[in-house]
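Throughout, read-outs are computed from the coordinates displayed, never taken from laboratory work. All values reported here derive from a predicted model rather than from experimental measurement. Backbone-built Cβ (ideal geometry, glycine too); neighbour counts: all protein chains shown.
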Amino acid sequence: MTENLNLQRGLLRHISQFTEVELLDKIKVQSIATEDREGGGWPLVHLSDGRTLRARLLVGADGFNSPVRSYARIQSYGWAYDRHAIVATMNHPPRGPFQGSNTVAYQRFLPTGPIAFLPLSETSSSLVWSTKPQLASALKTVDPQVLADMINAAFRLPDVSLCYLQDRILDAEQSGSPLKPSQFRDELAFRERSDTIDVRSAYSSLAPEQSSAGIPSEDADAVPPIVTSIQAGTIASFPLRFSHAESYIGEGQGVRTVLVGDAAHTVHPLAGQGLNGGLADVEALVRCIEHALLRGGDVACDKLHKLYSSTSQPVVWARSVGLEVLNELDTIKAALMMSAGSERHRRRPGEVGWELAAKSIENFATGLDNARALGGSLANVVGDGVRSLWERGGSGRA
Amino acid sequence: MNPARIQFLRDKVTEIALDDDPNASVNPTRILRGLNVLDVGCGGGLLSESLTRLGANTLGIDASASNISIASLHASADPSLNFTSGISSLLPAHTTVHRGNKAEGKGTLTYTHTSVEELLIERGEGAFDIVCSMEVIEHVDNPRDFLDSCARLVKPGGHLLLSTIARTPLAYFLTIFAAEDLLGFVSKGTHTFSKYVNPEELEGFFRSYRSQSRPWISGPVAHRLQAETRGIIFVPWNNEWVLTPRGSKWAEGCNYLFWVRRPLE
């Protein structure tokens, strides 16, 4: 994994080679307006230092609440997942001498959402934990030591015990006396005893130094290193949303705008595709601009429209359909959950099959409707043509 | 259509430059820089603007005053075009080149409401490195005179690029039946089938057309350094016009580009 700061520094260094690129820092965009000019209509970006930039092409890479997208009046649809993601940087002892270095990422699918452990260095890793909003806010405010223990438990304990520990944290939070680290340790020890987890096994969160000394226990590679503390000031959380702009290119009043990255689409961090999607947008856009420039085109003309939308349309389609399928098909989710050891979502196999069958019939029916509508309009076009040919023939004879 | 036209023009100019001097360092993306280019029948200025962006000093002329004002309005919104409005183009050729000296390699753009015959009188023979005329010849009343005027404006060794529609059943079906009657993309009566020009007719014209007693096309088969025809077809699934491969005769049955070079003296 590369930390954002390093990535940004590398990119800035790369940009500084080009004299054509001018970076403006410590300046905000105050407003975006359309130029009031016949034959013009370029976007005017008003800056906080009083300057105004007239943009041939305004690229909205300005995040989920994109001001460029609202200027271009592009609708975005989507839904909240009712989940918040907690992120933090975790400290842990290095892997033991028999285990190799800390280069394995871990992800566990809990019923409330996945928790991920992403290595940064030998002794630190990054956390991304998506869970229910109230639990996320409780985990953010609780003693960081409790959070560290809870992370260890979340990778190790069965779901029943985890639910119990989560409820304890929430109850204590609501009663106004948050759990102390020692209290939470007692609760954790109690759950491990009742789950018959040996204190020497890798699944125990409590064994001191177990992961770094001597021959590792049998299951040591099945779980991440024991988190000993959380780096101060690294805990944050944000709500998770799925959203997708109706179009990546502004039209009408918002002409000469294009959206990339989170401004165009936000996805669940589950598979880490947010950054990749953004980079793919930029790659497609650059190809379009290059194509236009080499042929003397105006980079923001309809050519961009054709190319950017036609090259990325299948990707967009596949991406959104893929997500929809994942969202809609409880069966797949249930399968993921089952393999993740969840008891609650387990269904009888017959039930799963019926639901799948019902869903596919429903989809087929909507498809058929669409096809019929298309067929109707095609018939009209052909009808018009034949009629005009007929009229022409008739007048010729007369 | 425009990107395909520009691509063909650029390819031909590059090819000729390399043929004239195989050791020349030719950069196809800069090949049009500094050349004097005339766009006859510029319409809204789509081709003229593209030529200017690639560095050519472009003059767009049109017989319709409203086309000129639409094109001027559009060009004046784009600062990279170094656009100046019409009157100055009436000056002799060398004065236009020195205008708008903003940056090295940037072209200039001028529009004038005039006809190619009047321009020939004003500027004289051989005033332009390249003369383009897109989708015009099928609308003019006297194609032979029109071709003659265009050809005279090309300097020796310069290029003439035409685009038009072949007189074939396919072209009738696509450009008149489909585009005008069926789909209404173009208003009715825009095209007259009998005025369409076949590639062989253009080739025949330049086989007998002479400058300084040298024919533009000689030999039994036109060498591709003298003239070349390329079809241009619409690919609906990409929603763009593309050049068809060299030598594919079937594709020249509708829209096509015709390039011919004036012989060197």
>> Need the full-extension length gain, A:N65 to A:S243, defined as separation in residues times 0.36 nm minus the C-alpha distance. One decimal, nm.
In response: 63.0 nm
> Once both labels are modelled 7 Å past Cα along the beta-carbon direction, what's the B:A178-B:S80 spacing in nm?
Replying inline: 3.3 nm
>> I'd like the projected area of the stretch A:5-100, averaged over all directions, using the convex hull of its alpha carbons. Report it in nm² with one decimal.
In response: 12.1 nm²
> Using 18 Å as the cut-off for backbone N distance, which residues of the stretch A:67-87 belong to the label zone defined by a point 7 Å from the Cα of A:S48 along Cα→Cβ?
Replying inline: A:67-68
> In whole angstrom, how long is each semi-axis of the equivalent ellipsoid of chain B, when you take the square root of 5 times every eigenvalue of its Cα gyration tensor and sort them from largest down?
Replying inline: 27, 23, 19
> Once you have the alpha carbon radius of gyration of the stretch B:213-265, what is it after dividing by 2.2 N^0.38 Å, with N set to its residue count?
Replying inline: 1.40
> What is the local net charge at B:M1, summed over the other residues whose Cβ is closer than 10 Å to its Cβ (Lys, Arg +1; Asp, Glu -1)?
Replying inline: -1
> Using the count of nearby Cβ atoms within 10 Å as a rough guide to exposure, how do B:M134, A:M150, A:M1 rank from fewest to most?
Replying inline: A:M1, B:M134, A:M150
> Across the stretch B:6-13, in residue order, what do the Karplus-derived ³J(HN,Hα) couplings come to in whole Hz, using 6.51 cos²θ - 1.76 cosθ + 1.60 with θ = phi - 60° and x for Gly and Pro?
Replying inline: 4, 4, 5, 4, 4, 4, 5, 4
>> Net charge within 13 Å of B:R210 by Cβ-Cβ distance, Lys/Arg positive one each and Asp/Glu negative one each, not counting B:R210 itself?
In response: +2
>> Run the simple label-point estimate for B:H113 and A:K28 please: 7 Å along Cα→C-beta, distance reported in nm.
In response: 5.0 nm
> How far is it, in nm, from the label point at A:R73 to the one at A:E20 when both lie 7 Å from their Cα along the line to the Cβ?
Replying inline: 3.3 nm
>> Over 28 Å apart: what share of the alpha carbon pairs of the stretch A:80-238 falls there, rounded to a whole percent?
In response: 15 percent
>> If you average the alpha carbon positions of the stretch B:167-208 and of the stretch B:246-265, how far apart do those two centres end up, in angstrom?
In response: 16 Å
